[in-house]
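**Student:** Got a structure for you, questions after.
The values are calculated or read from the model by the stated rules, or taken from the named source; none is laboratory data. Owing to the predicted nature of the structure, the values given are computational and were not obtained by experimental measurement. All Cβ positions, glycine included, derive from the backbone under ideal geometry; neighbour counts span all protein chains shown. Just so you know, the surface numbers come from the protein's heavy atoms only, side chains and all, with ligands and any DNA or RNA stripped out. Shrake-Rupley method; radii C 1.70, N 1.55, O 1.52, S 1.80 Å.
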Amino acid sequence: FLEPEASSCEGMMAAAARLFLRGANSKLSIAPGSLGTTLLKLSPNCSSRTKTQRRHAAHFTFQPDPVPSQYGPTQKMNLFQSITSALDNTLASDPTAVIFGEDVAFGGVFRCTVGLRDKYGKDRVFNTPLCEQGIVGFGIGVAVAGATAIAEIQFADYIFPAFDQIVNEAAKYRYRSGNMFDCGNLTIRAPWGCVGHGSLYHSQSPEAFFAHCPGLKVVIPRSPIQAKGLLLSCIADKNPCIFFEPKILYRAAVEQVPEDPYTIPLSQAEVLQEGSDVTLVAWGTQIHVLKEVASMAQEKLGVSCEVIDLQTILPWDIETVCKSVVKTGRLLISHEAPVTGGFASEISSTVQEECFLNLEAPISRVCGYDTPFPHIFEPFYIPDKWKCFEAIKKMINY
């Protein structure tokens, strides 16, 4: 937003500029004390320097995981560098692996494939036309032929032209052939989620669309360490996987990441913090919001929260979530996607079926609104820590 003062200042500046231009066209000069200079002095805070739009602070604070010791030496990496490391490991160990997508040969718009074409050659890391349906269709063919296909969709928002190929071809390939053929070697990567200024077409979280489709695996990491391990697990998995990468974390998230390849099990949620009063479930960026909410609840309300990172959306870890809810009696699920039809709905319905007699309060969903993702109103749209904190207070007082 522009401050009111800045807006009025801009209006004054524009009026003055028009007056100057008219004067120039009619070969008139503007003398000191004339209307033009008066306009510049009307607002006490107005100056000739253009006032810039204020940037809002991030709605979360990244909280790194402890340095892992079981996978060998580590190196400081942000999230996009951990993705690059995973892809590098794959290309080095699997001679059939290929990476393709829009601009990936140049390093990609988020630099996730930087240097890989130079290292492994243009036949293994290459650009495609701007055609998502073609990218995924090509990936299915590569995987069916027995190679390891790693396709990049430049933004998750643009995955929908490939929806038919993913849902009707990739997900069903094994089933329709009676397991004679499959495209399990296909992994689709895509930047995902809000970024602070992405607006309608660079902020969406479409995981729920694909959660309705048997035959796929859908994975979303919270950090560089998780990103590398989970991506390598997706690439090794014998089912087509969609790997959504929280783009706001590409540079904001920094951890000590193992240099050697390692895997983290799919479909296994992680309890990041144990608690006794409320279960908080999220994935991706929202995990860092809920970790802060858990601290606020303990400090301000004396409420003990258990924080669970779902990690895999499909198939999701029902057992871990339900075990926690049986203990706490309360459940809050939070994601950036719109609330109606979001994956929180599936978690909520499953938990009430399995844990109905253990619930002490209605399950709470703190999610995005049922509107397109806004631009300047993004701070009001996202499920920030204050919305989640209010939901916890409501559950505790139920």
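**Student:** Angle between the Cα long axis of helix 79-93 and the longest principal axis of the chain, 0 to 90 degrees, nearest 10?
**Tutor:** Value to nearest ten degrees: 40.
**Student:** What percent do you get for the relative contact order of segment 239-396 when only Cα pairs under 8 Å and 6+ apart count? Walk me through the intermediate numbers first.
**Tutor:** Working: 248 pairs, mean separation 36.1, N = 158.
Reported as a whole number, the value is 23 percent.
**Student:** If I fit a long axis through the Cα atoms of helix 343-355 and take the longest principal axis of the Cα atoms of the chain, what angle between them do I get, 0 to 90°, rounded to 10?
**Tutor:** With both axes taken from Cα atoms, the answer is about 40 degrees.
**Student:** Next up: Provide the net charge surrounding TYR250, with neighbours chosen by a C-beta distance below 14 Å and charges set as Lys +1, Arg +1, Asp -1, Glu -1. Write down the numbers at each step before the final one.
**Tutor:** Details: positive: ARG111, ARG189, ARG222, LYS228, LYS247, ARG251; negative: GLU152, GLU245, GLU255.
Overall, the nearby charge balance is +3.
**Student:** Before I look further, what does the chain give for accessible area per residue, probe 1.4 Å, in whole square angstrom?
**Tutor:** On the way: 18370 Å² over 398 residues.
About 46 Å² of surface per residue is accessible.
**Student:** So for segment 165-304, Kirkwood radius off the Cα pairs, Stokes-Einstein at 20 °C and 1.002 mPa s: how many µm² s⁻¹? Before the final figure, lay out each step's value.
**Tutor:** Details: Rh = 16.9 Å.
Result for D is 127 µm²/s.
**Student:** Just by accessible area at a 1.4 angstrom probe, what is the order of GLU354, GLU306, GLU292 from largest to smallest? Could you put the intermediate results ahead of the total?
**Tutor:** Values: GLU354 120, GLU306 10, GLU292 40 Å².
Result, largest first: GLU354, GLU292, GLU306.
**Student:** To continue, here is another question. Which aspartates and glutamates have a Cα lying under 16 Å from the Cα of LYS300, excluding residues fewer than 8 positions away in the same chain?
**Tutor:** Qualifying aspartates and glutamates at Cα under 16 Å: ASP277, GLU292, GLU390.
**Student:** Solvent-accessible area of PHE181, probe 1.4 Å, all protein chains present, reported in Å² to the nearest ten, please.
**Tutor:** Roll a 1.4 Å probe over it and PHE181 shows about 110 Å².
**Student:** How high is the relative contact order of the chain, given as a whole-number percent (alpha carbon pairs under 8 Å, six or more residues apart)?
**Tutor:** That works out to 15 percent.
**Student:** Sum -39500 (n - 2.57) across every DSSP H segment of at least 4 residues in the chain, then divide by the residue count to get the 222 nm mean residue ellipticity, nearest 500.
**Tutor:** Numbers: 14 runs with 144 residues, N = 398.
Estimated from H runs of four or more residues: -10500 deg cm²/dmol.
**Student:** In degrees between 0 and 90, to the nearest 10, how far off the longest principal axis of the chain does helix 286-301 point, with axes built from Cα atoms?
**Tutor:** Once rounded, the angle reads 80 degrees.
**Student:** Given a cut-off of 28 Å, name the pairs among LYS119/LYS217; LYS76/LYS387; LYS247/LYS323; LYS327/LYS385; LYS172/LYS323 whose C-alpha atoms lie farther apart than that in the structure shown.
**Tutor:** Values: LYS119/LYS217 30 Å; LYS76/LYS387 33 Å; LYS247/LYS323 31 Å; LYS327/LYS385 23 Å; LYS172/LYS323 32 Å.
Where the Cα-Cα span goes over 28 Å, the pairs concerned are LYS119/LYS217; LYS76/LYS387; LYS247/LYS323; LYS172/LYS323.
**Student:** How much net charge surrounds TYR71 when only other residues with a Cβ under 10 Å from its Cβ are counted (Lys, Arg +1; Asp, Glu -1)? Please list the in-between numbers first.
**Tutor:** Numbers: positive: LYS228; negative: GLU259, ASP260.
Neighbourhood net charge equals -1.
**Student:** Further, regarding this structure: Starting from a Cα-only point model with no solvent, please compute log10 I(q)/I(0) by Debye for segment 128-172 at q = 0.22, 0.26, 0.27 1/Å.
**Tutor:** Taken in order of the listed q values, log10 I(q)/I(0) reads -0.69, -0.94, -1.00.
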